[in-house]
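Okay, structure first, notes after.
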Amino acid sequence: MPKPIEFHFDFSSPYSYLASEQIEALAARHGRTVEYKPVLLGAVFKASGGAPLTEQYGPKASYAKRDFERSARYAGVPYRQPSRFPIGSVAAKRSVVWLQQHRPEQVASFIHAVYRAFFVDDRDISDAAVVSDIAREVGIDPDALAAGVQQPEVKD
């Protein structure tokens, strides 16, 4: 069996969202699966001295916003620039980690639902209550998830 495709992502990244809508089909075409790897993009920016594209100075920020929308149209993926951007998504990423350990069959549907909640429906995925609502909407027990994301091994 070929190795899975490692998909490193952050829920606040528009390009990760667009890729998430295509990664499973790409993997299937090549007889592979997807291994989701949530990352803290804010920590990456802090360590590297970088910043989100929309927080760059000059024309780069406005170009980035146009490029998000253009790339979504090209990929045929619904997209709406969120009203709060960028946004923290630690609760959603911890949820993915817990699901990987306890409900791996629900990981992909949860990831897609969180991305669409943010980049299509403009929901505040930084709010743990919203993340719980999204979990419920895709058939995940929100109480079990809320307890699970508080476990030290998930937080680490």
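The values are calculated or read from the model by the stated rules, or taken from the named source; none is laboratory data. Since the model is a prediction, treat every value here as computed from it, not as a measurement. Glycine also receives a Cβ, built like all others from the backbone with ideal geometry; neighbour counts cover every protein chain displayed. Note: accessible area is taken over every heavy atom of the protein model, side chains too, but ligands, DNA and RNA are not part of it. Shrake-Rupley method; radii C 1.70, N 1.55, O 1.52, S 1.80 Å.
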With every protein chain kept in place and ligands, DNA and RNA left out, what is the accessible area per residue of the chain? Probe 1.4 Å, answer in Å². 55 Å²
Separation between the Lys155 and Arg80 pseudo-spin-labels, each 7 Å from Cα along Cα→Cβ, expressed in nm? 3.5 nm
Fraction of accessible area attributable to carbon and sulfur, segment 94-156 (%, probe 1.4 Å): 47 percent
Between Ile87 and His30, how high is the FRET efficiency from 1/(1 + (r/R0)^6) when r is the Cβ-Cβ distance and R₀ = 35 Å? Nearest 0.05. 0.60
Proximal aspartates and glutamates to Lys3, defined as alpha-carbon separation beneath 13 angstrom and excluding residues fewer than eight positions away on the same chain: Glu35
Compute the separation of the alpha-carbon centres of segment 105-119 and segment 4-36 and state it in Å as a whole number. 12 Å
Reachable lysines from Lys155, Cα under 22 Å, same-chain residues fewer than 8 places away excluded? Lys37, Lys46, Lys93
